[in-house]
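Colleague: Next up is a structure, given as C-alpha cells.
The values are calculated or read from the model by the stated rules, or taken from the named source; none is laboratory data. Values in this document were obtained by computation on a predicted structure and should not be read as measured data. All Cβ positions, glycine included, derive from the backbone under ideal geometry; neighbour counts span all protein chains shown.
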Amino acid sequence: MSNVKKFTTHSYVDTKDYNYLWVIEDFILIREKDRGYVNSTLFATDEMEFQLIFETRYYSSGKYSDYSTLHISSSSNLNKNLPCTYKISVMKDDASVFTKTDTYQITTKEGLEEIFAIPTLEMNKFISSTGTMVVHCELKVATGEEENSANYEGDDANEGLSPKHNFDWIFLEKELSDVTLKTADGKKIPAHRVVLASASSVFRTMFKREKGGNKSQSVDMVDVTYKTAVELLRYIYTGRVVKPGFPLAMDVLAAADKYQLEELKSECEQIIGSNLSAENALDVLRVADKHNAKYLSKKAAEFIKVLFRSVR
C-alpha cells in the first residue's frame, strides 16, 4: 500500500504597511499657485519616508505641450534596497477613476517612481465637481528576510509529529511517575521528569536546577488549564495532536511557546490560521504577536486587511 507524504511550506517576509489618504481641495488653484507643483506631506517612520508629488512638465516637439505627472518619492535609512509594492487610486466623487498596482525598489537615496504622466488637459477626469482630488496610497515594504514555515501531512494527520521516543504507554499514567503537574484549575497530572526534559528545554532547565534530594514533587503550571496541559503532554509523550477547537488551540499555542515546543506551536498556528473569522481575527493577531508566531501573525494581518477593504 502506498503511503503519500504531503508537505506544505509557507514562505513569508516581515513587512511594514503604510496607508495614506491625500485630499487636495481646489487642486487647480494650488497647482497654479505653486507653479505646477503640488506636494503631499511626508508620511514616514524612523526607517522610511514617502511623499506624493504632482508636477506639470513642459515638452517641446515642434510645439509646446504640457503633461501632468504623479510620482511617489521614497527613501530609507536601513542601508539596503527594499522591495515595495504599491496600490495608488484616484477617487472622483466617491468613485475610483484610476488605479495602478506595481512594484519598485526603495533605496538609501531619494528616488522617484512615476505613477502616471498624462496631458494636463486630461486632468479634469481626476478632479471632482467641487474641484477636489483624492489620492489613496497603500504601500507594503519587505523589511525582513524570507522565512519558511513547514507543515507535514501523512495519511495519518499526526504522522508528521512523530516523537523521538514513544511514551504513550505512560501518558497520563501514575506508573513510574516522579513529578506531578498542578494546573491553573487545581487539577493534578502525573508526569515523568525524563520525558518532559527530553522534549522541552524549559523543563530540562527546571529539573537540572534541582540538587540532591531536594527534588520538588510538583510543578505549578499556574497559567495552563487542565485541558491545555493534557494536549501539551499528548504531544510530548506521543507526538500526536488531536486537533482542538479554536479556543483551546489558542491556549495550546501559548503553552507551546512557553515550554519551547516549536513543532506543536507551528501545528497550532496552522489550526488557528484555518479558522480565522471577522470575530476572532484581532484576538488572533494579538496572541500571535505576543508569542512570536510569525506565520500566524502574517496570516491574521492579511485577513484583517482584506476584511477592512471589503467593508470600506
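Colleague: Scan region 265-282 and give yes if some residue there is aliphatic (A, V, I, L, M) and closer than 30 Å to TRP169 by Cα, otherwise no.
Modeller: Looking for residues that are aliphatic (A, V, I, L, M) and closer than 30 Å to TRP169 by Cα, one finds at least one in region 265-282, hence yes.
Colleague: If you go through region 248-265, how many residues are over 20 Å from ARG204 (Cβ atoms) and either modelled with pLDDT under 90 or more than 21 Å from the chain's Cα centre (by Cα) (or both)?
Modeller: Going through region 248-265 one residue at a time, the tally reaches 1.
Colleague: Next question, about the same structure. Just for helices (runs of 4 or more DSSP H) wholly inside region 194-273: which have at least 3 residues that are surrounded by 15 or more Cβ atoms within 10 Å (Cβ to Cβ), in contact with a strand residue (DSSP E or B) (Cβ under 8 Å, 6 or more places away or on another chain) and in contact (Cβ under 8 Å) with a residue 24 or more places away in the chain?
Modeller: 226-238, 262-273
Colleague: Search region 70-84 for residues that are over 12 Å from MET48 (Cα atoms) and pair each with any residue that is among the hydrophobic types (A, V, I, L, M, F, W, C) and in a loop (DSSP other than H, G, I, E, B) when their beta-carbon atoms are under 9 Å apart and the residues are at least 6 apart or on different chains.
Modeller: PRO83/VAL13
Colleague: Quick one: which strands (runs of 3 or more DSSP E) sit completely within region 98-164 and have at least 1 residues that are touching a helix residue (DSSP H, G or I) at 6+ places or on another chain (Cβ under 8 Å) and modelled with pLDDT of 90 or more?
Modeller: In region 98-164, the matching strands (runs of 3 or more DSSP E) lie at 133-142.
Colleague: Any idea which residue in region 290-312 is surrounded by the fewest Cβ atoms within 10 Å (Cβ to Cβ), counting only those that are farther than 16 Å from LYS87 by Cβ and modelled with pLDDT under 85?
Modeller: Ranking the candidates gives VAL311 first.
Colleague: May I ask you to list the residues in region 209-236 that are at pLDDT below 85, charged (D, E, K, R) and out of contact with any Phe, Trp or Tyr (no Cβ under 9 Å at 6 or more places or on another chain)?
Modeller: Result: ARG209, GLU210, LYS211.
Colleague: Also, quick follow-up: Anything in region 49-66 that is charged (D, E, K, R) and at pLDDT below 60? List them, or say none. It would help to see each step written out before you state the result.
Modeller: Taking region 49-66 first, the residues charged (D, E, K, R) are 49, 55, 57, 63, 66.
Within region 49-66, just LYS63 meets the criteria.
Colleague: Scan region 105-132 and report the pairs whose first residue is more than 16 Å from LEU52 (Cα to Cα) and whose second residue is of a type in the set (A, V, I, L, M, F, W, C) and assigned to a loop (DSSP other than H, G, I, E, B), with Cβ atoms within less than 8 Å and a gap of 6+ or a chain change.
Modeller: So the pair list comes out as THR108/LEU78.
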